[in-house]
Each structure stands twice: as C-alpha cells, then as structure tokens.
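K.L.:
The structure under discussion is supplied below as structure tokens; questions concerning it will follow.
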Protein chains: 2
Amino acid sequence: MRTALCETFGIEHPIVGFTPSEHVAAAISRAGGLGVLGCVRFNDADELDTVLDWMDANTDGKPYGVDVVMPMKVPQEGTSVDLGELVPPEHRRFVDRTLSELGVPELPSEQQQSDAVLGWLHSVARAHVDVALKHPVKLIANALGSPPKDVIDEAHDAGVLVAALAGKGDHAVSHVDKGVDIVVAQGHEAGGHTGEIASMVLVPEVVDAVGDRVPVLAAGGIGSGRQVAAALALGASGAWMGSYWLTTSEYAMTAGDTAMQRALVSAGSADTVRSRIYTGKPARLLKTKWTEAWESPEAPEPLPMPLQNILVSEAHQRIMRSDDPEVVSMPVGQIVGRMNAVRSVQDVMSELVRDTEKTVARLGELS
Amino acid sequence: MRTALCETFGIEHPIVGFTPSEHVAAAISRAGGLGVLGCVRFNDADELDTVLDWMDANTDGKPYGVDVVMPMKVPQEGTSVDLGELVPPEHRRFVDRTLSELGVPELPSEQQQSDAVLGWLHSVARAHVDVALKHPVKLIANALGSPPKDVIDEAHDAGVLVAALAGKGDHAVSHVDKGVDIVVAQGHEAGGHTGEIASMVLVPEVVDAVGDRVPVLAAGGIGSGRQVAAALALGASGAWMGSYWLTTSEYAMTAGDTAMQRALVSAGSADTVRSRIYTGKPARLLKTKWTEAWESPEAPEPLPMPLQNILVSEAHQRIMRSDDPEVVSMPVGQIVGRMNAVRSVQDVMSELVRDTEKTVARLGELS
C-alpha cells in the first residue's frame, strides 16, 4: 500500500505517527512509517537536542520529523513570570480546590514552582525549529496552522518539508499559499486541538480545496486498517495518527504513566470531551473527573492560550504523579474506544498495514 | 458496486436515500437505490396512505421504504391540546419576539392555530406503520432506535425489514437484540438527530459490535463517491444519505421552498449547529439567524420532546412562508458544504456510483 507520500519521504507505509515520546517516534520510523516527535514538552531546547541525538542513533537511518506549536501570528510575550501574573487568583483557587477535592496530592516541596510548559510560547517553538534543523529531520509540522514565513523559508533552505494542521478547507488553502508543503486535515473526532468538521466531510473538502498543489494527510479517528483505507478513499495521501500510539509499550518507556494508559485502555469512544481547559483553545481530551470538574457551574471560563496552560501546568504535574486513572488530563481522540490493549508499535503498524490491504482487496471484490 | 444489501432489497446500488419528499424517494428508487420516505410530516395517516398510493404508481415496481419517528419507550401522551398546555408561556413569548425581530410575518388568519407536527407522537407513528404495511414497502426505519417489539413483529409478519438508527455501538447491539434487521450508524456529522461520535470512528465500532448478525449502513457526511467508498471501507454494507437530496430538483417539487434550497446551496460545512431547538433532542441544523437567536443569553432552554416541536411548529410554518434564506429552520448535516447546486436525483445517483467505482479502482492501484 504505497502512495506518493511514500516516495516523498522514503517511507514504506503512508502512515505518519505523531507522538510526544521519542521511543514511540523512533519505533514508528523503524516500522516503516514516519515518526513525528512532539516538541512542546521541551522547555529547554538543549534537552530537545539531546533527544534528537538519541533519535538519530535509534532510527536506523529511517526518516523522522518533529512537531512544534507555533501560532501563525507572532504574539507579544514576556517572560513566564510576566505571563503568570495575568492568571486571575480565582482561577488558581478553583484549580487548587478541585485538585484537593479529587484527592490529588501536592508536589513534593523540591518540585514545587517548576516551570510551566513553555513550548506553547512562540520563542520556545522557534528554538525547537532551530535545534531540529541541525538534525536530519525530514518534516517540521505545526499544530497551529502555517508557521511564520521565515520559519517556512528556513526549513525549505535546509531541504525540510513543512506540514500544517487544518480544520477547514479555506485554512488549508491559506497554509498552502504561505508555502506549506503538506496539509494535515484534522477532523472533529481527533485528539488535541480540533475543529467542528468531522473527517468524513473534512478530508475530501481539504483535498478538493488544495487540489494538486500539496498532498493531504487525514487525521482524526484512525486506528485500524479500515480507517486508513477510508482515509485513502476520501482522497488523502496517508494517515496522520496521534492518539493510537499512547497505548503502545514504547510510550510507557517515556511517560512511565501507567494510570494514564489504564484509563485510555478502559475508555470508550464516547469518553472524550472537547474543551478549552488544556491550552485555552478547544482540544479533545479524555473525559475524567478533572474535565467534569471544569464543566460544573462553579468552574471559571478557561483562560486564553497560553495563560490556561500556565494555570494548569502544575496541576498536570500533580495529576501525573498521583497515578489515578479517574483523574487524568490527556488529549485523546474518539479512537480511544479502539485502544483496548498495550501493544508494541511494530505490532500496531503490522496490523494497520495488513488490514488496510485486506480492506482494499475486499472493496475490489465488490465491483 | 454491489454489496449484500443489494441482494437483500433487490436494488442496484448500495445507497439508501432518506427524504421527506415522495418525489425524491420515488426518484431514488427509480435510479437504483432504496428511497425511504420520512413520515413525520403526515399528521393524518390517510394523507400518508394517499402519498404511498402515489409512490406505488411512480416507482416502476422498484422497492422503497418508509421512516417513522417512534421512541423505544411508549410515552404517556394526551391529545395535542393537553400537550400544548405544558409549553411555558415565556417560551412562547421568546418565539414570538424572535420571529418578530427577524421580520418573519405572521400566518394569514385562516392558517393560524393549525396543528403541530404530530408525527413525533407515538400513536401517530404507529398509524404510519399500519398504513405503510398495506403498501409494498420493503423497509420500515425508525429514527429513534428500535421500535417496540410488537411493531417489529408486525413488520416481520408482513415480510418487511426493520432498520434503526444508532449513534453508539451498544445502542446498535440493543437494537439487534430486539429484532432489528439493519442498523444505521449515524455519525456526529449527520443532519437531524445525531450523537457525539463521528462516522470514521462510529461505523467500524458498530460493525464490530453487531458482527455478522445484521448489515450496517453508514449515515453522516456522505455526498460523494469517495465518501460512499470510505463508508464501505469502514465495513458498512451501504450508505444512508439524507441531507444530500434536499438540493435536488425533485425536492423542490414537494416543498416548493426555494429560500431553503438557496440557503443550503450557499452554506459551507461549518454552517451547521447541533441543537435541541428543533425537536427537544440534539439535532444538527443549518446555522441561520433562527438558530443563533436560540443561542443568545436571553433564549430559554429548549423543551423536551415532543413539547419543543409543539412550541416551534407554527414558527416553522411562518419561517417557511417567509421565504428568507437567512431565517431557515432545517435539519442538515455537515455535507451541506458539498451541496452546491440543485440537480436531479438521477444526476446525483449516477455521479455517486461512478465516483465510488473510480475510488475503488484508484485504491486498487495503490497496492
């Protein structure tokens, strides 16, 4: 099952895997897909540099990419301390009260006041790009649309392709007009930042909108070969999958977060919610007691990006340490209903490829 | 492009078309699909009888079906007068004020106080079934899940299959346990009553949940051959399409509602909203000044089914007569973004079939 995307990147299968785990990303690339490492968690660009050194040593020379979070418009930003002062005290009180009601312990004193996740800041995302371009990355993807023009030019000068997520046809056209090489059409059912339009409608709409100018990847709702084949039927050149790798054994190597994986494995497709509480922009998350607390009448309105992430950053650390499957803060798509076991990336990839081929063969027999 | 569904119904293409218009339903059947006539608008079962006589004379002996709206649990209900008394006066005042602000004229005096749409009432839906079974219908579909067991038995005794819509895997299993013969997996992107889970995730989930017991139709987001092929890739035995027929020339023959068609033709895939204002249950509608008014802070909470429909029934009549594309009350799915011209049913069907085959051929060349 090869598409033009396979030639573009020199990969075996038209499957791109986004993941915050270098262990997963490297395994996806080794298994014949394109692993794309999410950079938002690296506050320190040097730390990313070290991890990309590890990727270079563990991908058997196979291609890989990185994903940054860069708003199209360069925001005014101060230091993290300045931004922290913009978080209203009543929001902080709500978070503290909620965590206490949910039985989430405080951080040990030596870990308190650690930094918020700064990867959402434009300056940090730029440093990610600079570091990535020193490594043999094949793709820089941006979760928030097209990066600024000089970033696109910098990538192109280094022979690196740029991908941008889009939730509407006209957004996709605007990305391509700005120089983006690949559009990721991300449907409503996807995890993380996602729009209103579902993949079944969005993917052909984006494909038609960009025409022959660039290939389109389908994102949202993909976790089986039938869904990969459906994405190809809709006109995509490949699948962009994020959620599905969260229950791989390699993910546990990075996160060591077994409560989160237990929560995902037992969740159904109806157990997600689209909410602004993770970053300030609508993102699909696993439905847990934490997301429910934010839906109570006493909960404040989430803050705009990047303030909301600064507000909940310590909460996320506390929640992760508490290891309680009922209180998890995790972006995941509706495909979580199909994530029912912890398996290796190679297992997942082999089954995806086999079932995609089986599906295409089944369709061929209908005509 | 034939599936087992084609054998089951003796149809040429695995495409089922739901529509409130007998002109569209008959044209779908004549074009080789299965036309399914929505019955909810027939307050008087005799009127349905007359329309089905017309269907019998205009389908060239091709199979067709009907769609009723029957809650699984038989509700306590009085006459329409009793129910009308349960509508709070402040709701009526909001509707009157809104229509006046939107410039929607009152009904001519001879049309005032006409009946609400009673097809939402269980007793009326039962009368629809009784009438339908006197005609050579092949399918009775129920928009609200499995009908009561005696209705299923009555249909089966007459050799008629029963279909039920489902928005979750476990609902589908429950329908099949009750005797339903075909499940329509209706994704979030669909028009009308719809759940949270999008087609890309829902269809294979329902297919896996019901296994080999019954065929599954994919509903939601289908308006091109690529989308029909995607539905088949996801494991569906065919496509259930509703919205797409609203912009056919045959639909205009029934509704004569050109403002509505103009509004649909110019709408994009983002121009829908899922709201309880149409029936009391969440249904996806075209986004217009009418739906926006119900989202304003002064708007009351919609009433439960069937009260909400009684509340807005006269408003719907007034809106339809006002012929203003900016004030329309119409269920439609996100596929509205692909409904860009008024065409004949035969044109639509031919293109769907041709593009489905082209898509399957394209996929075959990838492997």
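K.L.:
Which distances, shortest first and in nm, link residue A:296 to the matching position in the other copies, using label points set 7 Å out along Cα to C-beta?
P.N.:
3.3
K.L.:
List the aspartates and glutamates whose Cα sits under 13 Å from the Cα of residue B:289, skipping any in the same chain fewer than 8 residues away.
P.N.:
In chain and number order, the partners are B:101, B:271, B:324, B:326.
K.L.:
Separation between the residue A:323 and residue A:266 pseudo-spin-labels, each 7 Å from Cα along Cα→Cβ, expressed in nm?
P.N.:
1.6 nm
K.L.:
Along Cα→Cβ, 7 Å out, is where each label goes; now give me the distance between the ones at residue B:135 and residue A:90 in nm to one decimal.
P.N.:
Result: 5.9 nm between the two label points.
K.L.:
Place the label 7 angstrom along Cα→C-beta at residue B:178 and in each other copy, then list the distances from the first to the rest in nm, shortest first.
P.N.:
Going from nearest to farthest copy, the values are 4.9 nm.
K.L.:
Could you work out the relative contact order of chain B, using alpha carbon pairs under 8 angstrom and six or more residues apart, expressed as a whole percent?
P.N.:
Working: 766 pairs, mean separation 69.5, N = 367.
This gives 19 percent for chain B.
K.L.:
Which percent, nearest 5, of DSSP beta bridges in segment A:4-366 are antiparallel? Intermediate results must be reported in sequence, preceding the final value.
P.N.:
Values: 7 of 38 bridges.
Counting DSSP beta bridges with both partners in segment A:4-366, the antiparallel share is about 20 percent.
K.L.:
Assuming R0 = 30 Å, can you tell me the calculated FRET efficiency for the pair residue B:82 and residue A:296, based on Cβ-Cβ distance, to the nearest 0.05? Write down the numbers at each step before the final one.
P.N.:
Details: r = 36 Å, r/R0 = 1.22.
My answer for the efficiency is 0.25.
K.L.:
To one decimal in nm, how far is residue A:266 from the same spot in the other copies, if labels go 7 Å from Cα toward Cβ? Please give the shortest first.
P.N.:
Nearest to farthest, the other copies are at 5.3 nm.
K.L.:
Rounded to the nearest 5, what is the percent of antiparallel bridges among the DSSP beta bridges in the protein assembly as shown? Intermediate results must be reported in sequence, preceding the final value.
P.N.:
Working: 14 of 76 bridges.
Bridges in the protein assembly as shown that DSSP calls antiparallel: roughly 20 percent.
K.L.:
Relative contact order of segment B:178-291, please, whole-number percent, based on alpha carbon pairs below 8 angstrom and at least 6 residues apart.
P.N.:
Working: 166 pairs, mean separation 27.3, N = 114.
Answer for segment B:178-291 is 24 percent.
K.L.:
Sticking with this structure for a sec: Would you pull out the residues with amide H under 5 Å of residue B:34's amide H, same chain only if 5 or more places away, H placed 1.01 Å from N?
P.N.:
B:15, B:16, B:17
K.L.:
At 222 nm, what helix-only mean residue ellipticity would chain B give, in deg cm²/dmol to the nearest 500, using -39500 (n - 2.57) for each DSSP H run of four or more?
P.N.:
Values: 15 runs with 156 residues, N = 367.
Roughly -12500 deg cm²/dmol at 222 nm, from the helical runs in chain B.
K.L.:
Same structure, new question: If the elastic network links every pair of Cα atoms under 10 Å, which of A:247, A:59, A:50 fluctuates the most in the Gaussian network model of chain A?
P.N.:
Residue with maximal mean-square fluctuation among A:247, A:59, A:50: A:50.
K.L.:
For peptide B:2-8, what's the mean number of Cβ atoms from other chains within 10 Å of each residue's Cβ? It would help to have the intermediate numbers written out before the result.
P.N.:
On the way: counts 2, 1, 1, 0, 1, 0, 0.
The per-residue average across the peptide is 1.
K.L.:
Taking all pairs of distinct Cα atoms, average 1/r, flip it, and tell me the Kirkwood hydrodynamic radius of segment A:181-302 in Å to one decimal place.
P.N.:
Working: mean 1/r = 0.0634 Å⁻¹.
So the Kirkwood estimate lands at 15.8 Å.
K.L.:
Using DSSP to define loop residues, name the trypsin sites (Lys or Arg not before Pro) in segment B:125-167 whose beta-carbon has at most 10 other beta-carbon atoms within 10 Å. Show your work: numbers first, answer last.
P.N.:
Working: sites: B:126, B:134, B:138, B:149; in loops: B:134, B:138.
When the trypsin sites (Lys or Arg not before Pro) of segment B:125-167 are filtered for loop state and at most 10 Cβ neighbours within 10 Å, nothing remains.
K.L.:
Still on this model: Which entries of B:134/B:287; A:178/A:281; A:281/B:168 have Cα-Cα distances beyond 31 Å here? Walk me through the numbers before you get to the answer.
P.N.:
Working: B:134/B:287 39 Å; A:178/A:281 23 Å; A:281/B:168 27 Å.
The answer is B:134/B:287.
K.L.:
Please give me, ordered by residue number, the trypsin sites (Lys or Arg not before Pro) of segment A:1-50 that lie in loop per DSSP and have at most 16 other Cβ atoms within 10 Å.
P.N.:
Numbers: sites: A:2, A:30, A:41; in loops: A:2, A:41.
Passing both the DSSP loop test and the Cβ count: A:2, A:41.
K.L.:
Now, a different point. Would you order A:144, A:121 from fewest to most other beta-carbon atoms within 10 Å of each residue's own beta-carbon?
P.N.:
Working: A:144 19, A:121 26.
Sorted ascending by nearby Cβ count, the order is A:144, A:121.
K.L.:
Work out the FRET efficiency for residue B:123 and residue A:3 from their Cβ-Cβ distance, taking R0 = 56 Å, and round it to the nearest 0.05. Before the final figure, lay out each step's value.
P.N.:
Values: r = 55 Å, r/R0 = 0.98.
My answer for the efficiency is 0.55.
K.L.:
Mean-square fluctuation check for chain A, GNM, Cα pairs under 10 Å: which of A:328, A:345, A:265 is largest?
P.N.:
A:265
K.L.:
Shifting gears a bit: Let's test the formula: R0 of 35 Å, r as the Cβ-Cβ distance of residue B:208 and residue B:367. What FRET efficiency results, to the nearest 0.05?
P.N.:
Values: r = 23 Å, r/R0 = 0.67.
Plugging the Cβ-Cβ distance into 1/(1 + (r/R0)^6) gives 0.90.
Just so you know, all these numbers are worked out from the coordinates, no wet-lab data involved. Note that the structure is predicted; figures quoted are calculated from it, not measured. Cβ coordinates were reconstructed from backbone atoms using ideal geometry, including for glycine residues, and neighbour counts include every protein chain displayed.
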